[in-house]
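Scroll down for the structure; my scribbles are underneath it.
The values are calculated or read from the model by the stated rules, or taken from the named source; none is laboratory data. Just so we're clear, the structure is a prediction, and the values are computed from it rather than from any experiment. We place every Cβ from the backbone using ideal geometry, glycine too, and count neighbours over all the protein chains shown.
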Amino acid sequence: MELFSHLATGFGVALTPINLLYALIGVLLGTLIGVLPGIGPVATIAMLLPTTYALQPVSALIMLAGIYYGAQYGGSTTAILVNMPGESSSVVTCLDGYQMARKGQAGTALATAALGSFFAGTCATVLVAAVSLPLSALALKFGPAEYFSLMVLGLIGAVVLAHGSLLKAIAMIVVGLLLGIVGTDVNSGVARFDFGIPELSDGIGVVVVAMGLFGFAEIILNLESTEQRELITTRFKGLWITREQFKLAAPAVLRGTALGSVLGVLPGGGAMLASFASYSVEKKIAKDPSQFGKGAIQGVAGPESANNAGAQTSFIPLLTLGIPENAVMAMMVGAMTIHNIQPGPQVMTSNPGLFWGLIASMWIGNLMLVVLNLPLIGIWIKLLAVPYRLLYPAILLFCAIGVYTVNNTSFDVMQTAFFGLIGVLFAKLECEPAPLLLGFVLGPMMEENLRRALLLSRGDPTVFATRPISAGLLAAAILLVLVIALPNIRRQREEAFQEA
Amino acid sequence: MIRITNPKDFWAGALFVAIGVGTIILGSRYTLGSAARMGPGYFPRILGILLIVLGAVLALRGTRTSGPPLPRFHWRPLVVVLGSVVLFGAIVNWMGVALSTVILIVAASAASREFRPREALIAGVLLATLAVGVFVIGLQLQLPIWPGQR
């Protein structure tokens with residue numbers, strides 16, 4: 001079968017010592033930042049992007065991808081042991097995982113989370129490989145009109161499934177699109193919105209935007225809150241899972257994997273949505289829902305499998321269509337662009353080693369995480385004891401060095417500080433930064449496809465509605481907005497987010 | 001007289017309108033072109049108009065719905081964190097990584113309520129060693145270690 005030969009190519013690439021090393025570095029760093037609150041995968045990838053210049057593109061992407069799914073493992077560790085979600089995707093794991101830990105079943109909860117995640121990761125990796133071939137083939141048939149409509153659907157979908165005000169999120173996308181077109185226009189050579197600053201004629205860097213909005217702003221907001229972190233050390237009693245627990249957990253893992261895989265592919269999906277959805281499903285179908293919140297093993301097994309599956313399958317739209325569906329994938333687009341790879345369906349054929357190597361590395365990375373994570377838990381817990389007043393200056397330092405070394409200019413550092421300020425302002429106004437980053441990454445592509453589509457149609461805007469695939473995609477986008485705007489559905493959506 | 005009953009929505013809307021207006025004013029210098037042959041000003045113009053519409057609706061909603069007041073701005077973390085980073089960016093090339101790191105760490109630590117100068121200084125020295133080791137020696141980034149090396 002073609003798929004297996006492709007996977008063989010992939011493992012051939014991923015199993016070279018250098019790529020194994022970078023996968024290991026990626027998952028370890030991912031676990032680390034997953035454990036530490038106050039720094040997420042987006043800021044970390046932004047921080048590390050500049051250091052990957054010298055690497056082979058495939059090694060760079062393997063490491064950066066490892067950070068994302070490694071963070072899922074790390075986040076669940078702290079959720080279970082100290083009732084503190086290291087990542088947003090492990091918020092729900094706190095509910096039952098920590099209760100299990102209080103009952104002295106911390107080891108069981110951790111093992112369930114790790115094994116469930118690994119199972120989900122394995123399934124999702126196979127799914128990514130299997131779906132990529134037909135989807136890329138389909139995407140290669142897309143013209144500019146279809147691409148434009150696909151991006152509209154992707155962006156709308158991304159905000160509909162996220163929480164918060166829809167109107168604000170769409171406006172944030174538009175602001176992102178605008179930031180994305182700063183710099184020299186490829187068609188006319190005009191430097192747009194450069195305010196006469198020569199550095200801006202090359203555009204604004206993705207590292208600058210992401211680090212400002214996600215790194216600096218987050219630190220500043222954390223420093224505002226007076227909340228003290230408390231470290232509760234739980235005792236550890238082996239990693240055993242009893243037969244009864246297994247019987248409860250195994251189906252939850254299967255359901256979580258399936259749910260997470262599907263939600264991961266949807267725009268706006270990914271790890272967080274998957275874990276929230278899985279928790280409510282498990283609670284709904286459980287024989288004894290009253291156990292939830294008191295240490296139900298399904299409440300750990302389901303969401304933990306789902307978030308890992310979702311983290312993995314969210315690579316599908318990126319790898320096959322070139323469209324990022326969440327902020328982390330937007331950073332991956334940035335990473336690919338820095339290495340001169342235009343994300344899209346052609347990557348698979350023009351760069352098979354990179355494409356399949358990255359997919360194979362995800363499975364290897366997951367395996368590393370299962371093997372390494374449990375023995376290393378002691379170290380992660382010690383790290384949690386480091387107070388925030390020592391942690392954040394160190395994070396700032398790595399951010400500052402990272403940003404500075406992109407172009408070796410202090411102008412980039414100032415720009416990042418500016419975006420940090422903007423990020424704080426937006427946070428005060430309850431405007432989420434993720435849609436902005438998505439719009440920012442897609443801005444130039446969207447303009448280019450709009451231009452080409454209208455050039456081909458001689459300026460007739462109906463081309464988006466008369467070409468069937470494009471019309472379907474746009475209709476889906478409009479439908480999504482209408483559905484979410486209906487009052488009772490909006491209420492349900494808010495409830496779903498609140499419940500979790 | 002309009003009453004702002006939902007300040008977060010109102011001011012977010014106002015901000016988006018302002019950005020939209022700014023875009024259209026700044027973008028008026030660029031050729032619009034036609035739909036078939038878009039000039040550099042075409043796409044920004046669309047986005048600007050879209051942003052004004054979205055912002056206006058949001059601002060209007062800010063006078064119709066009710067919501068919590070704007071949260072307070074805490075100036076100390078904002079100014080100290082961003083200021084120390086900008087300072088680092090400005091001095092790193094002539095002061096070198098080692099000294100700039102110590103300065104950044106000590107300065108940034110002052111943003112926290114639990115600022116302890118001596119502890120910050122020790123952390124600064126340790127992190128400076130780490131930064132030089134990892135970034136300059138390990139990753140071979142083009143940065144001077146000491147002043148006057150560039």
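Counting only residues that are within 20 Å of A:Ser457 (Cβ to Cβ) and within 27 Å of the chain's Cα centre (by Cα), which one in the stretch B:42-53 is farthest from the other protein chains (Cβ to nearest Cβ)? Give the steps one after another, and end with the answer.
Narrowing the stretch B:42-53 to residues within 20 Å of A:Ser457 (Cβ to Cβ): B:42-43, B:45-46.
Subset that is within 27 Å of the chain's Cα centre (by Cα): B:43, B:45-46.
Working: B:Phe43: 4, B:Arg45: 11, B:Ile46: 8 Å.
Among those that are within 20 Å of A:Ser457 (Cβ to Cβ) and within 27 Å of the chain's Cα centre (by Cα), it is B:Arg45.
Conditions (1) more than 10 Å from every other protein chain (Cβ to nearest Cβ); (2) modelled with pLDDT of 90 or more; (3) touching a helix residue (DSSP H, G or I) at 6+ places or on another chain (Cβ under 6 Å), marked per residue:
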| residue | (1), (2), (3) |
| --- | --- |
| A:Leu390 | no, no, yes |
| A:Pro393 | no, yes, yes |
| A:Phe398 | no, no, yes |
| A:Thr405 | no, no, yes |
| A:Thr409 | no, no, no |
| A:Asp412 | no, yes, yes |
| A:Ala417 | no, yes, yes |
| A:Leu425 | no, yes, no |
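For the stretch B:97-122, enumerate the residues that are over 30 Å from A:Ala60 (Cβ atoms) and in a helix (DSSP H, G or I).
Let us first name the residues in the stretch B:97-122 that are over 30 Å from A:Ala60 (Cβ atoms), namely B:99, B:102-103, B:106-107, B:109-122.
Result: B:Leu99, B:Val102, B:Ile103, B:Val106, B:Ala107, B:Ser109, B:Pro117, B:Arg118, B:Glu119, B:Ala120, B:Leu121, B:Ile122.
Name the one entry in A:Asp202, A:Asp185 that is surrounded by 18 or more Cβ atoms within 10 Å (Cβ to Cβ) and acidic (Asp, Glu).
Details: A:Asp202 fails: surrounded by 18 or more Cβ atoms within 10 Å (Cβ to Cβ).
Step by step, each of A:Asp202, A:Asp185 is checked, and only A:Asp185 is surrounded by 18 or more Cβ atoms within 10 Å (Cβ to Cβ) and acidic (Asp, Glu).
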>> Is it the case, given these coordinates, that B:Thr5 is hydroxyl-bearing (Ser, Thr, Tyr) and either in a loop (DSSP other than H, G, I, E, B) or at pLDDT below 90 (or both)?
In response: yes
>> Quick check on the stretch B:54-75. Is at least one of its residues facing chain A (nearest Cβ under 7 Å), in contact with a Lys or Arg (Cβ under 9 Å, 6 or more places away or on another chain), under 28 Å from A:Ala169 (Cβ atoms) and among the charged types (D, E, K, R)?
In response: no
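Before we move on, is A:Gly378 assigned to a helix (DSSP H, G or I), free of Cβ contacts under 8 Å to residues at least 24 places away in the same chain and surrounded by fewer than 18 Cβ atoms within 10 Å (Cβ to Cβ)?
Details: assigned to a helix (DSSP H, G or I): yes; free of Cβ contacts under 8 Å to residues at least 24 places away in the same chain: yes; surrounded by fewer than 18 Cβ atoms within 10 Å (Cβ to Cβ): yes.
Spelling it out, A:Gly378 is indeed assigned to a helix (DSSP H, G or I), free of Cβ contacts under 8 Å to residues at least 24 places away in the same chain and surrounded by fewer than 18 Cβ atoms within 10 Å (Cβ to Cβ).
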> If you take the residues in the stretch B:14-34 that are at the interface with chain A (Cβ under 9 Å from one of its Cβ atoms) and of a type in the set (A, V, I, L, M, F, W, C), which one is farthest from A:Gly189 (Cα to Cα)?
Replying inline: B:Leu15
>> Let me spell it out: the conditions are (1) within 7 Å of chain A (Cβ to nearest Cβ); (2) in a helix (DSSP H, G or I); (3) touching a residue at least 12 places away in the same chain (Cβ under 8 Å); (4) within 30 Å of B:Ser112 (Cβ to Cβ), and B:Val86 meets all of them except one. Which number is the exception?
In response: (3)
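Could you tell me whether the stretch A:96-114 includes any residue that is under 17 Å from the mean Cα position of the chain (by Cα), assigned to a helix (DSSP H, G or I) and more than 12 Å from A:Ile297 (Cβ to Cβ)? Quick ask: steps written out before the conclusion?
Narrowing the stretch A:96-114 to residues under 17 Å from the mean Cα position of the chain (by Cα): none.
Within the stretch A:96-114 (the criterion being under 17 Å from the mean Cα position of the chain (by Cα), assigned to a helix (DSSP H, G or I) and more than 12 Å from A:Ile297 (Cβ to Cβ)), the answer is no, since none of the residues qualifies.
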> Only one of B:Val79, B:Val92, B:Val106 is exposed (fewer than 15 other Cβ atoms within 10 Å of the Cβ), of a type in the set (Val, Ile, Thr) and under 21 Å from A:Ala417 (Cβ atoms); which?
Replying inline: B:Val79
>> So if I check each of A:Ala113, A:Ala101, A:Ala158, A:Ala79, which one is surrounded by 21 or more Cβ atoms within 10 Å (Cβ to Cβ), over 23 Å from A:Arg452 (Cα atoms), without any contact (Cβ under 8 Å) to a residue 40 or more places away in the chain and more than 14 Å from chain B (Cβ to nearest Cβ)?
In response: A:Ala79
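Collect the residues in the stretch B:21-50 that are assigned to a helix (DSSP H, G or I), out of contact with any Phe, Trp or Tyr (no Cβ under 9 Å at 6 or more places or on another chain) and closer than 18 Å to A:Ala453 by Cβ, keeping them in residue-number order. If you could, list the steps in order and put the result at the bottom.
Narrowing the stretch B:21-50 to residues assigned to a helix (DSSP H, G or I): B:21-27, B:42-50.
Cutting the leftovers down to out of contact with any Phe, Trp or Tyr (no Cβ under 9 Å at 6 or more places or on another chain) gives us B:21-22, B:24-25, B:43, B:46-50.
Result: B:Phe43, B:Ile46, B:Leu47, B:Leu50.
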>> Just to verify a result, which residue in the stretch A:44-86, among those that are in contact with a Cys (Cβ under 7 Å, 6 or more places away or on another chain) and assigned to a helix (DSSP H, G or I), is nearest to A:Ser361 (Cα to Cα)?
In response: A:Met47
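Within the stretch A:430-459, can you find the residues that are hydrophobic (A, V, I, L, M, F, W, C) and away from chain B (no Cβ under 11 Å)? Even if it seems obvious, please write down each step before you answer.
Looking only at the stretch A:430-459, we keep the residues that are hydrophobic (A, V, I, L, M, F, W, C), and these are A:431, A:434, A:436-438, A:440-442, A:445-446, A:450, A:453-456.
Scanning the stretch A:430-459 gives A:Ala434, A:Leu436, A:Leu437, A:Leu438, A:Phe440, A:Val441, A:Leu442, A:Met445.
Could you run through the stretch A:45-77 and say how many residues are of a type in the set (Val, Ile, Thr) and closer than 15 Å to A:Leu28 by Cα?
So in the stretch A:45-77, the residues of a type in the set (Val, Ile, Thr) come out as A:45, A:51-52, A:58, A:62, A:67, A:77.
Checking the rest, the ones that are also closer than 15 Å to A:Leu28 by Cα come to A:45, A:62, A:67, A:77.
Residues flagged as of a type in the set (Val, Ile, Thr) and closer than 15 Å to A:Leu28 by Cα within the stretch A:45-77 amount to 4.
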> Failed condition for B:Ile2, given (1) over 19 Å from A:Leu177 (Cβ atoms); (2) of a type in the set (Val, Ile, Thr); (3) within 7 Å of chain A (Cβ to nearest Cβ), with all others met?
Replying inline: (3)
> Can B:Gln140 be described as more than 7 Å from chain A (Cβ to nearest Cβ), surrounded by fewer than 21 Cβ atoms within 10 Å (Cβ to Cβ) and at positive phi?
Replying inline: yes
> Can you name the residue in the stretch A:189-209 that is of a type in the set (Gly, Ala, Ser), more than 12 Å from chain B (Cβ to nearest Cβ) and part of a loop (DSSP other than H, G, I, E, B) and, of all such residues, is nearest to A:Asn408 (Cα to Cα)?
Replying inline: A:Gly205
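A quick yes/no check of all residues on (1) touching a residue at least 12 places away in the same chain (Cβ under 8 Å); (2) of a type outside the set (Gly, Ala, Ser); (3) crowded, with 21+ Cβ neighbours inside 10 Å:
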position	(1), (2), (3)
A:Ala14	yes, no, yes
A:Leu20	yes, yes, no
A:Gly34	yes, no, yes
A:Ala43	yes, no, yes
A:Leu64	yes, yes, yes
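So that you can scan it fast, the table gives a plain yes or no per residue for (1) surrounded by fewer than 23 Cβ atoms within 10 Å (Cβ to Cβ); (2) touching a strand residue (DSSP E or B) at 6+ places or on another chain (Cβ under 8 Å); (3) among the aromatic types (Phe, Trp, Tyr):
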{"residue": "A:Tyr279", "(1), (2), (3)": "no, no, yes"}
{"residue": "A:Lys284", "(1), (2), (3)": "yes, no, no"}
{"residue": "A:Phe292", "(1), (2), (3)": "yes, no, yes"}
{"residue": "A:Ala296", "(1), (2), (3)": "no, no, no"}
{"residue": "A:Gly299", "(1), (2), (3)": "no, no, no"}
{"residue": "A:Ser305", "(1), (2), (3)": "no, no, no"}
{"residue": "A:Gly310", "(1), (2), (3)": "no, no, no"}
{"residue": "A:Ile338", "(1), (2), (3)": "yes, no, no"}
